[in-house]
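Engineer: Next up is a structure, given as structure tokens.
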Amino acid sequence: DVLLLASITVDLSPSCIEPSNVSVSSIMATSANVSWTIPAGTPTNYNWDVRDSGTPGTAGATANGTVSAATSSVSATGLSPNTTYSVYVRTDCGSGTYSAWTLAQVFTTPCNATNIPYIMDFASLTVPAIPNCTSIQTLGGNDWETMSAPGNGFNGNTLVYPYNGSQAANSWLYTQGLNLTAGTAYRLSYKYANDGGTTYPEKMDVNFGTSPVASAMTNTLANHSNISGVLTPLIDVIDFVAPTTGVYYIGFHAYSDADMDVLLLDSVIVDLTPNCVSPTALSLSGLTSSAVDVSWTAPSIGTPANYDWEISTSGTPGTAGATASGTVAVPTVSASATGLSPNTTYTLYVRTDCGSGSFSSWTQLVFTTPCNATNIPYIMDFVSLTAPALPSCTSVETLNSGNTWETENAP
């Protein structure tokens, strides 16, 4: 292409030269540090000015002052949270001689920390804006942004990490600062999904730390390393405890590979953990056409007394109609169910009984019993199927991120 160059001027330097490399650091809700590089010449002092509007050196500055020539930094205090400021510096060379003011360096103070419960509000936004008092740190790829009704079960404004092209994602979105107390259990919940199905798997981890920067995100809450084939919302619920009392930020970190599709995030809530916490990681083993062994992970918070479990084909857990049910005492985290029917879809429910009539919500897992074995001759029937359904009593196991077996009409 063409390189353009014009307006080249060589002249005598001004007798009083402005500072250079003005920068702002340690930005807090009500303060920030301002620094600069000392210019050539023999300055007497430096004037500095921080304001949200107006001309430097006039009335209306939020913070300003004068420091000696040997000083190249200052702390500006008395600022307002969630406000955008411009900072200026000039050189005072004495005898009424001043340099020009430096060009404005613009920065925004964060919001004050908020108390729990915290809900990240997307509904009132004008896309692609992000929620008020949140912040973004993009180290690679695109920025997080909001999108209106992206589909796949996300019908309102939704936070998305958009298509990132040839760059791998390395982008953070941080909540507002949260006032957390040591020893108190908190619960984070959020919905997430992948707009690219199995073809474009996404990756996201969730962390928390004492500052909205990647280097401070030292506590990992979740790592979703293969969000694949997920076109409807998944819900993650995480209970955690802050190591010390203070202000913490939760960071959602998109780290998908290059050329992926869209990562979706919504309904971010931080609240107190219920007094009685549900078991997690429900799993099955020894599944037959009439029986199954079930297990779960005990909650890491609280003091359970028992666990209630039941397996049913329909209805509300805890009411009549379960096919199999029971109660086991802590520390047992497993049970065996019999009397199931072949080729039937069931839901396994497990909840924590914390005593004195206190129960957690039910955790659930859906599974289907296999058919009974059949005698020979055996014919796998495709004729009566509606593609892409598989024949009754067959099953599929897909061990990588590729496609699965299915039927097709007249291929």
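The values are calculated or read from the model by the stated rules, or taken from the named source; none is laboratory data. These numbers come from a predicted model, not from an experiment. Virtual Cβ from ideal backbone geometry, glycine too; neighbours counted across all protein chains shown. The area values use the complete protein model at the heavy-atom level, side chains included, leaving out ligands, DNA and RNA. Shrake-Rupley method; radii C 1.70, N 1.55, O 1.52, S 1.80 Å.
Engineer: Could you tell me which numbered condition Cys16 fails, if it satisfies all but one of (1) in contact (Cβ under 8 Å) with a residue 60 or more places away in the chain; (2) under 43 Å from the mean Cα position of the chain (by Cα)?
Structural biologist: Every listed condition holds for Cys16 apart from (2).
Engineer: Exactly one condition in (1) over 36 Å from the mean Cα position of the chain (by Cα); (2) modelled with pLDDT under 90 is not met by Pro342; state its number.
Structural biologist: Pro342 satisfies all of (1) over 36 Å from the mean Cα position of the chain (by Cα); (2) modelled with pLDDT under 90 except (2).
Engineer: Does Ala69 satisfy being touching a strand residue (DSSP E or B) at 6+ places or on another chain (Cβ under 9 Å) and within 26 Å of Asn132 (Cα to Cα)? Break it down into steps so the answer makes sense when it comes.
Structural biologist: Working: touching a strand residue (DSSP E or B) at 6+ places or on another chain (Cβ under 9 Å): yes; within 26 Å of Asn132 (Cα to Cα): no.
For Ala69, the condition - touching a strand residue (DSSP E or B) at 6+ places or on another chain (Cβ under 9 Å) and within 26 Å of Asn132 (Cα to Cα) - is not met.
Engineer: If I go through the stretch 34-56 residue by residue, how many of them are touching a residue at least 24 places away in the same chain (Cβ under 8 Å), open to solvent by less than 60 Å² (accessible area, probe 1.4 Å) and in a loop (DSSP other than H, G, I, E, B)?
Structural biologist: Residues meeting the conditions: 3.
Engineer: Condition test on Ala410, is it in a loop (DSSP other than H, G, I, E, B), more than 37 Å from the chain's Cα centre (by Cα), exposed (fewer than 13 other Cβ atoms within 10 Å of the Cβ) and on the phi > 0 side of the Ramachandran plot?
Structural biologist: Working: in a loop (DSSP other than H, G, I, E, B): yes; more than 37 Å from the chain's Cα centre (by Cα): yes; exposed (fewer than 13 other Cβ atoms within 10 Å of the Cβ): yes; on the phi > 0 side of the Ramachandran plot: yes.
Yes: the conditions hold for Ala410.
Conditions tested, residue by residue: (1) of a type in the set (Ser, Thr, Tyr); (2) outside any strand (DSSP E or B); (3) buried (at least 17 other Cβ atoms within 10 Å of the Cβ).
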residue	(1), (2), (3)
Thr58	yes, yes, no
Ala61	no, yes, yes
Asn64	no, no, yes
Ala70	no, yes, no
Val87	no, no, yes
Trp101	no, yes, yes
Val106	no, no, no
Ile116	no, yes, no
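Engineer: Right, something else. Just to check your reading of the model, which residue among Thr363, Thr369, Thr394, Thr338 is open to solvent by less than 60 Å² (accessible area, probe 1.4 Å), out of contact with any Pro (no Cβ under 7 Å at 6 or more places or on another chain) and among the hydroxyl-bearing types (Ser, Thr, Tyr)?
Structural biologist: Working: Thr363 fails: out of contact with any Pro (no Cβ under 7 Å at 6 or more places or on another chain); Thr369 fails: out of contact with any Pro (no Cβ under 7 Å at 6 or more places or on another chain); Thr338 fails: open to solvent by less than 60 Å² (accessible area, probe 1.4 Å).
Of Thr363, Thr369, Thr394, Thr338, the one residue that is open to solvent by less than 60 Å² (accessible area, probe 1.4 Å), out of contact with any Pro (no Cβ under 7 Å at 6 or more places or on another chain) and among the hydroxyl-bearing types (Ser, Thr, Tyr) is Thr394.
Engineer: Still on this model: Report whether or not Ile269 is assigned to a strand (DSSP E or B), at pLDDT below 95 and of a type outside the set (Gly, Ala, Ser). If you could, list the steps in order and put the result at the bottom.
Structural biologist: On the way: assigned to a strand (DSSP E or B): yes; at pLDDT below 95: no; of a type outside the set (Gly, Ala, Ser): yes.
Judged against the criteria, Ile269 is not a match.
Engineer: What's the total number of residues in the stretch 274-314 that are part of a loop (DSSP other than H, G, I, E, B), under 19 Å from Phe359 (Cα atoms) and out of contact with any Lys or Arg (no Cβ under 8 Å at 6 or more places or on another chain)?
Structural biologist: Our first condition is that a residue be part of a loop (DSSP other than H, G, I, E, B); within the stretch 274-314, this holds for 274-279, 286-290, 298-305, 313-314.
From what is left, the residues that are under 19 Å from Phe359 (Cα atoms) are 274-279, 298-305.
Checking the rest, the ones that are also out of contact with any Lys or Arg (no Cβ under 8 Å at 6 or more places or on another chain) come to 275-277, 298-305.
Adding up the residues that qualify gives 11.
Engineer: Please determine, by comparing only the residues of the stretch 128-151 that are open to solvent by 60 Å² or more (accessible area, probe 1.4 Å), assigned to a loop (DSSP other than H, G, I, E, B) and touching a strand residue (DSSP E or B) at 6+ places or on another chain (Cβ under 7 Å), which one is farthest from Pro212 (Cα to Cα).
Structural biologist: Top of the filtered list is Pro128.
Engineer: Right, next: Being of a type in the set (A, V, I, L, M) and under 23 Å from Leu234 (Cα atoms) is the filter; apply it to the stretch 137-152 and report the residue that is modelled with the highest pLDDT.
Structural biologist: The initial filter retains those residues of the stretch 137-152 that are of a type in the set (A, V, I, L, M), namely 139, 147, 149.
Filter once more, keeping what is under 23 Å from Leu234 (Cα atoms): 147, 149.
On the way: Met147: 92, Ala149: 88.
Among those that are of a type in the set (A, V, I, L, M) and under 23 Å from Leu234 (Cα atoms), it is Met147.
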